[in-house]
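Working notes, beginning with the structure itself.
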Amino acid sequence: MKQLTNMNVQVVSDKQAGGQAGFKVFEQALANGAKVLGLATGSTPVTIYEQLVASDLDFSQLTSVNLDEYVGLTADHPQSYHYFMQQHLFNAKPFANSYVPDGTNADAAAETKRYDAIIKENPIDLQLLGLGQNGHIGFNEPGTDPESTTHKVALTESTIAANARFFDNADEVPRFAYSMGVGSILKAKQILIVAYGEAKAAAVAAMIQGPVTPDVPASYLQTHPNVTVILDEAAASQLD
Ligand code: GLP
């Protein structure tokens, strides 16, 4: 464990160790009385969810609020974030209430307002985040207003390309998503962000050591008082 910034940065050997380290953050948050967990998708959180599923932690009295969802995908689409959460966590560990933006709601103004009301009613105790290669968090792409709330996002070409691996081809990747805003994320009491691999190294360095700038949405985490960062050595390789 190294203290590089005001963030608590932990460098682990691999994703499995990252899963265990991330699990401990969840375990501690629950022991401290956390009632609302902000959850994330992508490949990064999978080993944490594996540890949560294998544990005896009980989420049946808790609420979960997910970061984002593709616009246009139904909850049962295998690449929807609803489906991901069912497969990786909720089927094994149901929550009292689980919220994910509704990608099938074509009325963006109504959906983003609905989701903001959910977040307001369920203030997030611990927010889990992955990191995009371009420094995005949730689907908050570079240029996002740091005070943003839930909004409809046009995905960047680099995000579409990065996520194409989950689809048959890049044409099938949705072009829009609903995402909690940077401002919504920063309201969480505690934040855990995890990144693995060389492809994330530049974004990790910019997040922790670069200027706080809309060009790197994750850099706003420098302004939050309680952030834990879990990295493998490759993701940490561009840190001083
Ligand atoms: C997507 C998600 C993000 C996630 C990012 C990184 O864009 N919206 O929440 O952090 O991908 O994904 P991965 O963990 O697979 O690298």
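The values are calculated or read from the model by the stated rules, or taken from the named source; none is laboratory data. Only a predicted model underlies this, so the values are computations on that prediction, with no experimental measurement involved. Because the Cβ atoms are built from the backbone with ideal geometry, glycine has one as well, and the counts that use them run over all protein chains shown. To get the accessible areas, we keep the full protein, side chains included, count just its heavy atoms, and leave off ligands, DNA and RNA. Shrake-Rupley method; radii C 1.70, N 1.55, O 1.52, S 1.80 Å.
Show that you can apply the helix-only estimate: for the chain, add -39,500 (n - 2.57) for every DSSP H stretch of four or more residues, divide by all residues, and state [θ] at 222 nm to the nearest 500. Could the numbers behind the result be given before it?
Working: 7 runs with 66 residues, N = 240.
Calculated from helices alone, the mean residue ellipticity at 222 nm is -8000 deg cm²/dmol.
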Query raised in the report: Protein chains only, probe 1.4 Å: how do D168, D116 rank by accessible area, largest first?
Result: D168, D116
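What order, most packed first, do the peptides 221-231, 25-35, 61-71, 6-16 have when packing is the mean number of other Cβ atoms within 10 Å of each residue? Let's see the in-between values first.
On the way: 221-231: 19.5, 25-35: 14.6, 61-71: 22.2, 6-16: 16.5.
The packing order, highest mean first, is 61-71, 221-231, 6-16, 25-35.
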Requested in this report: Take the chain, connect every pair of alpha-carbon atoms lying under 10 Å apart with a spring to form a Gaussian network, then pick out the residue of A195, A154, A162 with the largest mean-square fluctuation.
Outcome: A162
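Can you tell me the accessible area per residue over the chain, all protein chains present, probe 1.4 angstrom, in square angstrom?
Working: 10340 Å² over 240 residues.
Normalised by residue count, the accessible surface of the chain is 43 Å².
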Report summary line: Between the alpha carbon centres of segment 73-127 and segment 149-165 the gap in Å comes to 17 Å
Query - Under-5 Å amide H pairs with Q10, H placed in peptide plane, nonlocal only - result: V229, I230, L231
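Report the percentage of all Cα-Cα pairs in the chain whose separation exceeds 21 Å, rounded to a whole percent.
Of the Cα pairs, 53 percent sit more than 21 Å apart.
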Report summary line: Rounded to the nearest 10 Å², the 1.4 Å probe accessible area of R165 is 150 Å²
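In the chain, carbon and sulfur make up what percent of the accessible area (probe 1.4 Å)? All intermediate terms of the calculation are to be shown ahead of the outcome.
Working: 5130 of 10340 Å².
Percent of accessible area from carbon and sulfur atoms in the chain: 50.
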Query - Accessible area (Å², 1.4 Å probe, nearest 10) - H88 - result: 70 Å²
Requested in this report: Could you please state, rounded to a whole Å, how far the C-alpha centre of segment 218-238 is from the C-alpha centre of segment 24-63?
Outcome: 19 Å
